[in-house]
Amino acid sequence: MSVQALLARGVVRRSWGALLGIALVLVLGLGAAITSIEAADRTASAYPDYLDRAQVADVVVNPVLSNEHTLEIIEGVPGVVAVTSDSLLTAGPDTLDPGSGPGLFVQTRVSQDGRYQDQDRPIVRSGRMVRSGREAFLNVAAAEAMAVEVGDELPLTFYGINTPDPTSSDPGPAVHHARVRVVGIGTFADDVLVDELYPRYRILVTPEAAASADCLQFVPEADDPRSFFELLLAAVPSDCAMTYRYYSLTVEGGADAAPAVVAEMGRRFRAENEHLPAAL
């Protein structure tokens with residue numbers, strides 16, 4: 001064997017550990033790169049995938065007055081494919097004062113047509129979604145604030161309109177009571193971040209639990225001569241705790257088409273406002 005060959009073999013033997021180390025680094029580096037690419041791809045697609053899985057709406061509308069004609073206007077706008085709704089009720093657990101401000105105020109909601117079940121589905125952390133009977137689903141913030149777990153029962157009180165001052169934030173008299181069983185806890189698609197402006201505790205109850213406390217509002221004719229306060233009192237039945245009704249819309253063309261749908265809806269509602277009494 002030549003001297004050159006012996007020297008070469010010696011160099012390879014001495015360098016074998018280094019070469020193996022380099023090869024290992026390359027393999028690990030390649031694996032880390034592939035993992036990083038995959039993680040980045042999953043991160044980029046996670047939010048759109050969640051929106052699709054949860055059927056999160058493209059548009060949510062909150063009219064001040066909600067009656068059967070309101071839904072007809074919304075459904076008649078070109079591009080609106082499907083509509084679900086839910087009502088915000090002046091209600092909450094007996095252990096909390098509904099007039100205590102945004103720090104403790106609970107948004108008690110009910111849907112008669114499948115919002116939060118068919119559309120805008122929340123992430124369930126424990127338990128399940130409401131089905132039937134007197135059941136409730138809480139968001140994580142409400143469950144933690146009230147130290148509530150799946151299986152616990154909550155006594156709820158529903159309040160009517162404040163007759164002496166219908167514009168007051170103070171609730172009116174109790175119009176309905178229900179004891180609900182907590183069947184699930186999770187995060188809603190439209191949960192708000194922690195702040196001191198918007199109430200973020202939420203309870204979704206079944207229609208059986210809300211009973212007659214959920215209702216539609218009466219919208220008077222254009223020539224109704226009553227005052228603003230008289231019209232407010234007449235708009236809501238005395239046994240109703242409904243404050244607002246939200247309409248969740250699926251739009252043909254998705255988020256890109258939403259601005260045009262919203263603009264047309266605004267035009268139609270402005271035209272409808274012309275038929276309201278002057279006091280409104």
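Structure values in brief
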| read-out | value |
| --- | --- |
| Residue within segment 179-201 that is basic (Lys, Arg), touching an Asp or Glu at 6+ places or on another chain (Cβ under 9 Å) and touching a residue at least 60 places away in the same chain (Cβ under 8 Å) present | yes |
| Strands (runs of 3 or more DSSP E) contained in segment 74-134 and holding at least 3 residues touching a strand residue (DSSP E or B) at 6+ places or on another chain (Cβ under 9 Å) and modelled with pLDDT of 90 or more | 80-89, 106-110, 123-127 |
| From the options LEU249, LEU232, LEU204, residue that is more than 30 Å from ALA143 (Cβ to Cβ) and either open to solvent by 20 Å² or more (accessible area, probe 1.4 Å) or not in a helix (DSSP H, G or I) (or both) | LEU232 |
| Residue among GLN107, GLN117 that alone is surrounded by 15 or more Cβ atoms within 10 Å (Cβ to Cβ) and free of Cβ contacts under 8 Å to residues at least 24 places away in the same chain | GLN117 |
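For (1) part of a strand (DSSP E or B); (2) free of Cβ contacts under 8 Å to residues at least 40 places away in the same chain; (3) surrounded by 14 or more Cβ atoms within 10 Å (Cβ to Cβ); (4) basic (Lys, Arg), each residue gets a yes or a no:
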residue	(1), (2), (3), (4)
ALA136	yes, no, yes, no
ALA142	no, no, yes, no
GLU149	no, yes, no, no
THR157	yes, no, yes, no
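The values are calculated or read from the model by the stated rules, or taken from the named source; none is laboratory data. As the structure is a prediction and not an experimental result, all values here were calculated from the model. Because the Cβ atoms are built from the backbone with ideal geometry, glycine has one as well, and the counts that use them run over all protein chains shown. The protein model used for the area step is the full one, side chains on, heavy atoms only, and it has no ligands, DNA or RNA in it. Shrake-Rupley method; radii C 1.70, N 1.55, O 1.52, S 1.80 Å.
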